[in-house]
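The structure under discussion appears below in the form of structure tokens.
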Amino acid sequence: MRRCASRNISVEFVMRNLIKAFKALSDETRLRILNILMERECCVCEVMQALDISQTRASRNLSALYDASFLNMRKEGLWSLYSINYEGVKVCCPDLVEVVRKGLEGNDIVNMDRERLRKAERIGPGCETTCCE
């Protein structure tokens, strides 16, 4: 049986994307980040506050999720704002974000993250709120 070259490319593309997706989800911090981004769009400093982690750790894990097509990133002044990329995830694993959400339901750690997110503020040189005035 002969296989079409374009079909093999498509299968290889899907396989690579699945591997990236599962690698990205194999880390607790990245699962926690997805959890808070299901609540709302966040900048790095809000992720840091919500998860109580360093800027380096937040940025590295946001980058891994972005590279695996789980996140959108947009610039607003000095801010890089991240949100769930529902359209990008649909390419190879449309239900994966929902599986993560359901899997984390009722988890004490992620519930604390969401509570801290409610109190998180944008801080730093680009701050537009009263936290830096």
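The values are calculated or read from the model by the stated rules, or taken from the named source; none is laboratory data. No experiment lies behind these values; they were computed from the predicted model shown. Counting neighbours? That spans all protein chains shown, and the Cβs are built from the backbone with ideal geometry, glycine included.
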Subset of the range 17-29 [over 19 Å from P94 (Cβ atoms) and either surrounded by 16 or more Cβ atoms within 10 Å (Cβ to Cβ) or in contact with a Phe, Trp or Tyr (Cβ under 9 Å, 6 or more places away or on another chain) (or both)]: T29
Of all residues in the range 80-133 being hydroxyl-bearing (S, T, Y) and at pLDDT 95 or above, the one that is surrounded by the fewest Cβ atoms within 10 Å (Cβ to Cβ): S83
Options L117, L81: the member that is aliphatic (A, V, I, L, M) and outside any helix (DSSP H, G or I): L81
L34, sole failed condition from (1) modelled with pLDDT under 95; (2) surrounded by 13 or more Cβ atoms within 10 Å (Cβ to Cβ); (3) not polar (S, T, N, Q): (1)
Complete set of residues in the range 37-74 that are surrounded by 17 or more Cβ atoms within 10 Å (Cβ to Cβ) and among the polar types (S, T, N, Q): Q49, N61, S69
Out of D67, D52, sole residue that is in contact (Cβ under 8 Å) with a residue 24 or more places away in the chain and over 17 Å from F22 (Cα atoms): D52
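Yes/no matrix, rows are residues, columns are (1) modelled with pLDDT of 95 or more; (2) in a helix (DSSP H, G or I); (3) within 29 Å of R116 (Cβ to Cβ):
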residue: R3; (1), (2), (3): no, no, no
residue: S10; (1), (2), (3): no, yes, no
residue: F13; (1), (2), (3): no, yes, no
residue: I19; (1), (2), (3): no, yes, no
residue: K23; (1), (2), (3): no, yes, yes
residue: R30; (1), (2), (3): yes, yes, yes
residue: R40; (1), (2), (3): yes, no, yes
residue: M48; (1), (2), (3): yes, yes, yes
